[in-house]
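> Supplied in structure tokens, the structure appears directly below.
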Amino acid sequence: MNHVVERRQKRPFALQDVFDWFETGLPGLHPPGLHSIRVEERSTDDAYIVRAELPGIDPDKDVEITVDNGMLTLRAERTERTEDVRHSEFRYGAFSRSLRLPPGARPDNATADYKDGVLTITVPVSERAASATKIPVRHEGK
């Protein structure tokens with residue numbers, strides 16, 4: 001009697017998976033049909049800058065940028081249709097990404113520009129708080 005033992009090859013956990021989660025969100029955390037937006041973030045002495053890949057959208061009607069409780073949230077929706085005599089194709093989807101603003105961010109003075117499929121959001125940042133503050137300890141009775 002021959003017994004066949006099936007062995008599943010389990011893919012080893014890879015560090016690249018962690019980087020992918022940071023870019024696309026953890027699996028299962030996005031509502032169905034909602035995709036993450038790939039972004040690039042950087043900070044300068046006076047600004048926090050986010051560049052988001054959003055090709056094929058109309059920024060005037062398909063993009064919403066909000067700030068609430070220190071979180072910058074970018075939402076976009078793409079609806080694109082191409083049609084000719086023998087062929088019709090459409091692509092659509094909702095996208096979202098939330099990012100924590102740095103201390104001192106001033107979202108009331110933020111700007112957003114769209115060029116060549118890339119949305120650039122610039123949030124001014126005032127002087128950052130001192131990096132460390134020492135707090136003396138009082139001792140009762142002295």
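> How many of the residues making up the range 70-88 are within 28 Å of the chain's Cα centre (by Cα) and at pLDDT below 85?
Of the residues in that region, 4 qualify.
> Counting only residues that are assigned to a loop (DSSP other than H, G, I, E, B) and exposed (fewer than 13 other Cβ atoms within 10 Å of the Cβ), which one in the range 16-44 is modelled with the highest pLDDT?
T44
> Output the number of residues of the range 45-73 satisfying the condition of being within 22 Å of S126 (Cβ to Cβ) and not in a strand (DSSP E or B).
Number satisfying all stated conditions: 4.
> If you take the residues in the range 74-112 that are within 30 Å of P124 (Cβ to Cβ) and among the charged types (D, E, K, R), which one is surrounded by the most Cβ atoms within 10 Å (Cβ to Cβ)?
Of the residues in the range 74-112, the ones within 30 Å of P124 (Cβ to Cβ) are 74-78, 94-112.
Pick out the ones that are also among the charged types (D, E, K, R) and you get 75, 77-78, 97, 100, 106, 108.
On the way: R75: 16, E77: 16, R78: 16, R97: 19, R100: 11, R106: 13, D108: 8.
The residue in question is R97.
> Sticking with this one: Quick check on my filter: what residues within the range 107-123 are closer than 15 Å to D58 by Cβ, without any contact (Cβ under 8 Å) to a residue 12 or more places away in the chain and touching a strand residue (DSSP E or B) at 6+ places or on another chain (Cβ under 9 Å)?
Matches in the range 107-123: D113 only.
> Additional query: Is it the case that some residue within the range 83-106 is touching a strand residue (DSSP E or B) at 6+ places or on another chain (Cβ under 7 Å) and of a type in the set (V, I, T)?
no
The values are calculated or read from the model by the stated rules, or taken from the named source; none is laboratory data. Note that the structure is predicted; figures quoted are calculated from it, not measured. We place every Cβ from the backbone using ideal geometry, glycine too, and count neighbours over all the protein chains shown.
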